[in-house]
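Working notes, beginning with the structure itself.
Just so it is clear, none of the values below were taken in a lab; they were calculated from the coordinates. In this text, all values refer to a predicted model and were calculated from it rather than measured experimentally. Here the Cβ is made from the backbone with ideal geometry for all residues, glycine too, and neighbour counts use every protein chain on show.
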């Protein structure tokens, strides 16, 4: 599973990082960054990563099932 | 006492707080049975888009699924009672589901006017019906004073309908001050016919205001709030599920989402019925259920809306009787960063929520972007 981020949409709500700290964190500005390179999510964090993406109120994160 | 990680946890509710609890429980190592019981027929899904892009065809329902980790979902199932002392929930068919830990996340009951031909927007099935109706309606009447009412009026304008919005003047400003003036200005510039009324009664296919104005439309939408449904709550819950600063109600029972209230230091009860709170409180409740030393949950209130192409974010609790300071931008152009003592708002202004909250908390702000 991969997550894609549409940076222009990110408003820094931070809900993704709160629900899935193993997949997302926030940069110094407060916008989303991936915890792993390229949005590749390890199997153990996938359920949380998908929930974190879909909970984004501005749909800045897209779940791509490989 | 914390619930053992291999115990059975039952989550009552199928909204964002329930989904966030389920995901968080697995995230922090709960490996026992996890059962989500929801009276809705659908697995938890994201709601903010339902009143926005979903109505105008920009988002498909398949993209909204929230996921509940590997919880066992019992959908379309009603809990009729909770036996707190013997630790089990009773379903409509009288069967009992025992639990070691319980998360109450059943949300509130959305007010649905009794009149026929009046739609509300609370669930995916409501939104699907409304989206279909918008495609064929030449005129739309929206009644309501909150953010949702403006979002619905905005969707109606985007769909090309002649749109009337009935608001109760002062209802939104009682909570968000100057935002009411900004949103009504936006609505009117987008061509919405704004009617201000102290009260409004729904009649089949329309509404009549207290001032005697009869309004009719092809599609009538009510966005008139929701109320706490006592239902399965403990008998002493009158305004909501009272939780402590770790979302706990009693031993082995936590609660999260719109149905919860917390007691403020001044003794008053406070509810934070927002999307953000439902998710974050759901996760916090999960942590508190498994860990007696979980950190307290005391988020700064935060709300967000988008209508008529304008995004509005509010952090903290802006006082309604103090005019905000314009930190950056201008209100005339509807692009401004506002600050009050104890609150801050971004009107059509891009700023990460963490920085908006810092501004509201009066922390040294870094606005050098």
So for B:214, B:8, B:250, fewest C-beta neighbours within 10 Å to most, what's the order?
B:214, B:250, B:8
Kirkwood Rh and Cα Rg combined as Rg/Rh, segment B:1-82
1.05
Rounded to the nearest Å, the spacing of the alpha-carbon centers of segment B:192-262 and segment B:1-79 is 22 Å
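With a ≥ b ≥ c the root eigenvalues of the C-alpha gyration tensor of segment B:1-144, is it rounded (a/c under 1.5), prolate (a/b larger than b/c) or oblate?
Judged from the Cα gyration tensor, segment B:1-144 comes out prolate (a/c at least 1.5, a/b above b/c).
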What are the radius of gyration and Dmax of chain B, computed over its Cα atoms and given in Å?
21.3, 62
Hey, if you drop one equal point scatterer on each alpha-carbon of segment B:162-255 and run the Debye formula without solvent, what base-10 log of I(q)/I(0) do you get at q = 0.11, 0.13 Å⁻¹?
-0.54, -0.67
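Fewest to most neighbouring Cβ within 10 Å: what's the order for B:194, B:215?
In order of increasing Cβ crowding within 10 Å: B:194, B:215.
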For chain B, find the longest principal axis of its Cα atoms and tell me its angle to the long axis of helix B:275-290, 0 to 90°, nearest 10.
10 degrees
Distance in nm between pseudo-label sites at residue B:213 and residue B:227 (7 Å out along the Cβ direction from Cα)
2.7 nm
Give me the one-decimal Kirkwood hydrodynamic radius in Å for segment B:278-343, with the sum taken over alpha-carbon pairs.
14.5 Å
Pairs of alpha carbons in the protein assembly as shown whose separation is greater than 31 Å (percent):
41 percent
Evaluate peptide B:61-67: per residue, the Cβ atoms of other protein chains within 10 Å of its Cβ; return the mean as an integer.
4
Over the Cα atoms of segment B:311-358, each weighted equally, I'd like the Debye log10 I(q)/I(0) at q = 0.13, 0.17 Å⁻¹, rounded to two decimals.
-0.23, -0.41
Can you give the average number of partner chain beta-carbon atoms within 10 Å of each beta-carbon in peptide B:41-51, as a whole number?
2
By how many degrees, between 0 and 90 and to the nearest 10, does the Cα long axis of helix B:16-27 differ from the longest principal axis of chain B?
40 degrees
Using the alpha-carbon centroid of each, what span in Å lies between segment B:297-355 and segment B:109-127?
30 Å
Over all Cα pairs of chain A, how is the pair count split among 10 Å bins, expressed in % and running from 0 up to the last occupied bin?
25, 63, 12, 0
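Per residue of B:353-359, how many C-beta atoms from partner chains lie within 10 Å of its own C-beta, taken as a mean?
Other-chain Cβ atoms within 10 Å of each residue's Cβ, averaged: 4.
Can you tell me how much longer the chain between residue B:31 and residue B:238 gets when fully stretched, taken as 0.36 nm per residue apart minus their C-alpha distance, in nm with one decimal?
71.1 nm
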What ranking do B:92-98, B:283-289 get when scored by the average of other Cβ atoms within 10 Å per residue, highest first?
B:283-289, B:92-98
At q = 0.14 Å⁻¹, what log₁₀ I(q)/I(0) does a Debye calculation on the Cα points of segment B:246-369 give, no solvent, two decimals?
-0.69
Overall Cα dimensions of segment B:70-215, principal axis frame, Å, largest first
57, 36, 33
Given C-alpha coordinates of segment B:193-323, what is the ratio Rg to Rh with the Kirkwood estimate of Rh?
1.07
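Ranked from highest to lowest mean number of other Cβ atoms within 10 Å per residue, what is the order of the peptides B:126-135, A:43-52, B:12-21?
B:12-21, A:43-52, B:126-135
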Spin-label point model (7 Å from Cα, Cβ direction): what's the residue B:266 to residue B:199 distance in nm?
2.8 nm
Helix-derived mean residue ellipticity, 222 nm - over chain B, DSSP H n ≥ 4, -39500 (n - 2.57), to 500
-6000 deg cm²/dmol
So how do B:78, A:54 line up by other beta-carbon neighbours within 10 Å, fewest first?
B:78, A:54
Mind checking which of B:271, B:263, B:203 has the largest fluctuation in a GNM of chain B, springs on alpha carbons under 10 Å?
B:263
Can you tell me the orientation of helix B:124-136 relative to chain B, as the angle in degrees between its alpha-carbon axis and the longest Cα principal axis, to the nearest 10?
20 degrees
